[in-house]
Amino acid sequence: MGEEVDCLGAKAVASRGQIDDATAMVISEPSNNQPFIAHKGALWLEVATYGKTAHGSMPDQGVNAIMAMARFIHKLNSYRFSYQPHPLLGGPTMNIGVIQGGVKTNVVPDQCTMMLDIRTVPGQSHPEIIDGLNLLLEQVCEPVNARFAIRAVNDLPAVTTAAEDAFIKLSLDTAKQYLGRESTVRGVNYYTDASVYGPRLDIPILIYGPGEPTMAHQPDEWIEVDKYMEAIRFYMGLAVAYLGISKDQ
């Protein structure tokens, strides 16, 4: 539970050591029943700029926090991350999801906040990203006498498993046996509880489940019944093959 809220459930399970004996993992996030072996990390940042309030008719007497944030956003348009492209995930992305500021039309705003959703690829350092954005904020805020702060509200690493891993190969063989088709490993932009389990357990992780990834968080999100049943056959077949369970049991 709580995967959408900072992976709260996975963190609780991991901190208690409840699955420390696991040797492989399947996470049933929507993959349209295709094998995903990598996903991006998530770095959600709350960026705040602070100014000085004043009457809207005398803006020169204040420091406009919204204008300071606008200067920062303008710089973000040309900002480039340092990274090595991942063969399955490509490069990082960044989205401005929320922005808030001001209290009234005729008041110079002394505070503005923005939520940034940054999706990272393996090899990127989240602390280095924060340091880089802090430097950028300093460059745009100091000339206008504005202050700033950055706070990480979600910090989860990227996850990847080698395509040559024995568990991944077994998964592909299982899909061919039970579903009658060849599969190719892929990566996906969203994050999962693997961001918590992967670093702790150091085990192969497969993301496989019914549902089209692009339907996630849509108002009419749905899953095909045939794909749902297909995924169950895959899970059962993989469990039998990996755990060495006799079909007679």
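Residues in segment 195-222 that are of a type in the set (A, V, I, L, M), out of contact with any Cys (no Cβ under 9 Å at 6 or more places or on another chain) and modelled with pLDDT of 90 or more: Leu201, Ile203, Ile205, Leu206, Ile207.
Residue by residue, here is whether (1) more than 19 Å from the chain's Cα centre (by Cα); (2) under 19 Å from Ala42 (Cβ atoms) holds:
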| residue | (1), (2) |
| --- | --- |
| Leu76 | yes, yes |
| Thr93 | no, yes |
| Val108 | yes, no |
| Thr120 | no, yes |
| His126 | no, yes |
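The set of residues from segment 164-183 being open to solvent by 60 Å² or more (accessible area, probe 1.4 Å) and either under 20 Å from Ala239 (Cβ atoms) or at pLDDT 95 or above (or both) comprises Glu164, Ala166, Lys169, Asp173, Lys176, Gln177, Tyr178, Gly180, Arg181.
All conditions in (1) over 22 Å from Tyr197 (Cβ atoms); (2) within 24 Å of the chain's Cα centre (by Cα) hold for Ile19, with the sole exception of (1). If you go through segment 32-52 and pick out every residue that is open to solvent by less than 20 Å² (accessible area, probe 1.4 Å) and either under 15 Å from the mean Cα position of the chain (by Cα) or free of Cβ contacts under 8 Å to residues at least 24 places away in the same chain (or both), you end up with 9. Scanning segment 234-241 for any residue that is surrounded by 16 or more Cβ atoms within 10 Å (Cβ to Cβ), assigned to a strand (DSSP E or B) and in contact with a strand residue (DSSP E or B) (Cβ under 9 Å, 6 or more places away or on another chain) turns up nothing.
The values are calculated or read from the model by the stated rules, or taken from the named source; none is laboratory data. Keep in mind it's a predicted model, so treat the numbers as computed, not measured. All Cβ positions, even for glycine, are placed from backbone atoms using ideal geometry, and neighbour counts span all protein chains on display. Surface areas here come from the heavy atoms of the whole protein model, side chains and all, with no ligands, DNA or RNA. Shrake-Rupley method; radii C 1.70, N 1.55, O 1.52, S 1.80 Å.
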